[in-house]
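The next block holds one structure in the form of structure tokens; read it before the comments.
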Amino acid sequence: MLIKIIAKVMEMTKNFKKIEQKWQKRWAKEKIFKVNEKSKKMPYYVLEMFPYPSGRLHMGHVRNYALGDAFARFKRMQGFEVLYPMGYDSFGLPAENAAIKNKTNPKKWTEQQIKTMREQQQLLGNSYDWEREIATYNPNYYKWNQLFFLNFLKKGLAYRKKAPVNWCSKCQTVLANEQVVNGCCWRHEDTKAEEKRLEQWFFKITDYADELLEDLDTLEEWPQKVKTMQKNWIGKSHGTEVYFTEKDSGKKIPTFTTRPDTLFGVTFVVFAPEHPMVKELVAGTEHETDVLKFIEEVKGESLIDRLAEGKEKKGIALGKYAINPVNNEVIPIFAADFAVLEYGTGMVMCVPTHDQRDFEFAEKYGLQKKVVIQPKGKELNAHTMGKAFVDEGVMVNSEKFNGLGNVDAIEKISKWLEKERTGKRTVNYKLRDWLISRQRFWGTPIPIIYCDKCGAIPVPEKDLPVLLPDPSKAKFGGQNPLTTVKEFVETKCPKCKGDAKRETDTMDTFVDSSWYFMRYCDAQNKKVPFDKKIAEKWLPVDQYIGGIEHAILHLLYARFFTKALRDCGFLKADEPFKRLFTQGMVIKDGRKMSKSFGNVVDPLEIIEKYNADTARMFMLYSALPEKELEWSDKGVEAVFKFLNRVIDLVEDNKNKIGFGKIDVKKLSGVERLLLSKAHRTILNATGEIEKKQLNYAIASAARLVDELRKEKYDSADKNLRGFCIETIVKLLAPFAPHLCEELWERIRKKGFVSVAEWPKANEKFIDRKAEAGEALLERVKQDVATVKELAKINKPKTVSLFVAPAWKWKALKAIKEAVGEKPDFGGAMKAISKVKEAPKNEAPGFVKSIINKLGEYRDSVQIDEFAALKEATTQLEKDFGAKIVLEKAEKSKEAKARNALPGKPAILIE
RNA sequence: GCCCGGGUGGCGGAAUUGGUAUACGCGCACGACUUAAAAUCGUGUCCCUUCGGGGAUGUGGGUUCGAUUCCCACCCCGGGCACCA
């Protein structure tokens, strides 16, 4: 017997698999997901962040794709021409490492990984237009990276400089600032980034700092969190440059501050140790040796170590002095490790009393302190204060600014400095230029040739692409393998035709992902990266979906690229992604799925054990998409059961339903309620999908499934039941596409449900009052039954219901809000009737506002509980075999006394 | 330290503008079908109770006829940023 049952489950699973294969084949054969560029439908672009081809899918991928596909399918059914592509971010270090490990080469390895990945993705049945697939390692893709590089070079957006850079010893390459997390490499949490000084290529993202910041406001449909992170990363701060002068030479010392109000309290000035002026100032003095030693000492530490939390500041006096322009005070100059060369001017004016860092430094080196801002209610003493005072207060010791609030003084002092020409207001950013050079093989070659005579010469456009050499010719394992390929390195100078060498650094792979969504628009184009007109039709991406881990890296770079390419004339868009959705992680046992925790669930096993529709639907059903999703075997089981219930429902009905016009007039009360529920389900589910509350949308559809399974509808109108079944199949189609396609066929519908028209809710049929009335009645029945049971009264003679209608309370509130008074209940009722009688156009302002308020309630659901129950009295009496007495409990005190809260009848059994 | 989120049953988590707190799902209990089991279906399921009620949405206050929702203070958890002058 047991064997039989197992066989049955197996058969079910097998059927699902057959169904899935059948429809995947048909979709492919009919090319129903191929984008029609000539279509007159509105274009809509749905995109998931393209994957790194790591070979095997993990749950995060499945969740990402389930979300994207459901949304793409939904939009397609709504009548949009949907662009929904897939591709592979296939350059990068893992390929090189795997190649070394598996004794293959990165190209072969990557191609194999893509193949595996694509096969697994196709099992899920996503509605991609596979004809637009791209892979970034392909020369017909990276060629355009090189073209963009040359364009940027021309525009001054790409440049080379020697700079301190972050180096990861494990990756054997430099990293961008954005790729350093907590001082470590973003790929190697255990490897501290080292500082090196190298000649490297940069993209001038800082030119766009302001635009990148300001346009965040236009991204209304991005998560606030991501916008905040980007805003902080750009780190714009308004401040003032104040020009101090060196006492002996009269040299200008510009310092940057956001607190010019503390200017009279400056007691020393600090230079970043690397600042060239430090060496200049001490040259030939008795301090020179010590200072140079100090500089070397600081150089040994990376910026990250130097600025680590809680680290004690250290510095050295230069033996030189600066003059404060506002009061001509002479103050000492230091070089100190807490000043950063790249930020501001690299020189800081220090006010120990009002800045904690300055305070600590002054304490350590015994420097002067001077209070210039006093808080209200207490007096600060520079000698006894234990920490800097950084809150608001009143200016003191600041000559003509004394007595002002310090916040007002910021503006006033800045203006005064500008007038005196000893300072000016400026803006500073934390954002640094994007370092794109990587000392790795598996990336886009930077199209530059170095010639001893001519310098760095860009490769002429006609010579693009600069192809990566055959990997089999390179030696992997040590430093950049590209340098080991002679044929690649040795070349001729495009200018003088003499011997020259190619740049062997390749581009950061984030360059590849910064514009791939543009390439999808015109993926086959061989002449240009993409046709301008076509790109403008699709861009910006209407819905972008991915993980929050790219909040800064990829999303900021892509925004920069879009703006830079716009300025190079490639397209018109200002922003790449109109709506961004960041999905939550998939977790198990309260923690991230990870090999080291041993809690990884392989999505393929779930597809194998159940089917793709179940796997997808579980991903969407079990949590709000932006929240964490806790993996649960039971949850998967529940989804599988639900899908089987849907099959049973359709099977039971398929020969007993019709799809003709529903004659609403002939429907019974029960049938009309069902019609109302069906339309309300459509309305809710549609709104919920639009808001990405896909789990609610599925729950809404599931409620209609449960409703329709009730016995009372067995003999309901054929066409009505048909309408409900059809609606259910359509509503579930974006989530369980294979199964719904099959059910669509079984109820003998033509074509594919995947491209059927999304159902439209007709408000006319939604009777919220009737639904609310039904719910009220159910509640009262239950309450009465419970009270009867509790009181153990078998045959009550009368049941009294005290009813205080909720809508009156709402009206009361409306009036209170409108009038701003506290009318009592009786007064409120009178006011309502007066308002109702008053001619609208003649009513005074406050009466009009009451009318408006009441109008809002008219539009929302409000039932007269008393009337609803009165109508049902006969039925209630039959149910309970007792007389039902209804009483109004209108006044608040009375209602309370009888425990009748508004909208909830109190029951008294006698 | 600063900036965002968030604290609700045994669990994951619902509550559109303040109006039945705990939707939906899991788990548990009982029942139906069955020789039995599985599957399926149905019913119940916050806590206490002297059976009148009473108490619960992190804690303490406030506004209100009525607060998970609004206001104030505090505690805890998650995330981001952090010698950026």
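Results, tabulated for the structure shown:
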| quantity | calculated |
| --- | --- |
| Inverse mean reciprocal Cα-Cα distance (Kirkwood Rh) of segment A:589-716, Å | 17.1 Å |
| Accessible-area composition of segment A:58-205, carbon plus sulfur, in percent [1.4 Å probe] | 47 percent |
| Unsatisfied cross-links (Cα-Cα over 22 Å) in the set A:204/A:527; A:17/A:609; A:103/A:473; A:34/A:654 | A:204/A:527; A:34/A:654 |
| Across A:29/A:661; A:537/A:692; A:196/A:311; A:231/A:419; A:192/A:563, pairs whose alpha-carbon gap is larger than 28 Å | A:29/A:661; A:231/A:419; A:192/A:563 |
| Whole-percent carbon and sulfur share, accessible surface of segment A:537-693, 1.4 Å | 50 percent |
| Candidate aspartates and glutamates for bridging to residue A:760, where Cα separation is under 16 Å - those fewer than 8 sequence places away on the same chain excluded | A:688, A:690, A:726 |
| Per residue solvent-accessible surface (Å²) - segment A:680-772, probe of 1.4 Å | 42 Å² |
| Violating pairs (Cα-Cα greater than 31 angstrom) within the set A:41/A:750; A:41/A:730; A:31/A:718 | A:31/A:718 |
| Segment A:63-77 and segment A:29-54: distance between their alpha carbon centers, rounded to Å | 11 Å |
| Aspartates and glutamates whose Cα lies under 15 Å from that of residue A:492, excluding same-chain neighbours fewer than 8 positions away | A:452, A:463, A:503 |
| Nearby aspartates and glutamates by direct alpha-carbon distance to residue A:712 (threshold 12 angstrom, same-chain neighbours under 8 apart not counted) | A:671 |
| Cα centroid separation - segment A:311-350 against segment A:361-426, whole Å | 17 Å |
| Carbon/sulfur fraction of accessible area - segment A:417-526, other protein chains in place, 1.4 Å, % | 48 percent |
| Accessible surface, segment A:376-429, averaged per residue in Å² (probe 1.4 Å) | 68 Å² |
| Protection proxy ranking of A:580-586, A:530-536 - average other beta-carbon atoms within 10 Å, highest first | A:580-586, A:530-536 |
| Segment A:648-690: trypsin sites (Lys or Arg not before Pro) in DSSP coil with no more than 14 other Cβ atoms inside 10 Å | A:654, A:656, A:661 |
| Accessible area per residue in Å² at 1.4 Å probe, computed on segment A:107-188 | 39 Å² |
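The values are calculated or read from the model by the stated rules, or taken from the named source; none is laboratory data. Keep in mind that this is a model prediction, so the values were computed, not measured. When we count neighbours, we look across all protein chains shown, and the Cβ atoms used for this are built from the backbone with ideal geometry, even at glycine. In case anyone asks, the SASA skips ligands and DNA or RNA and just uses the protein heavy atoms, side chains included. Shrake-Rupley method; radii C 1.70, N 1.55, O 1.52, S 1.80 Å.
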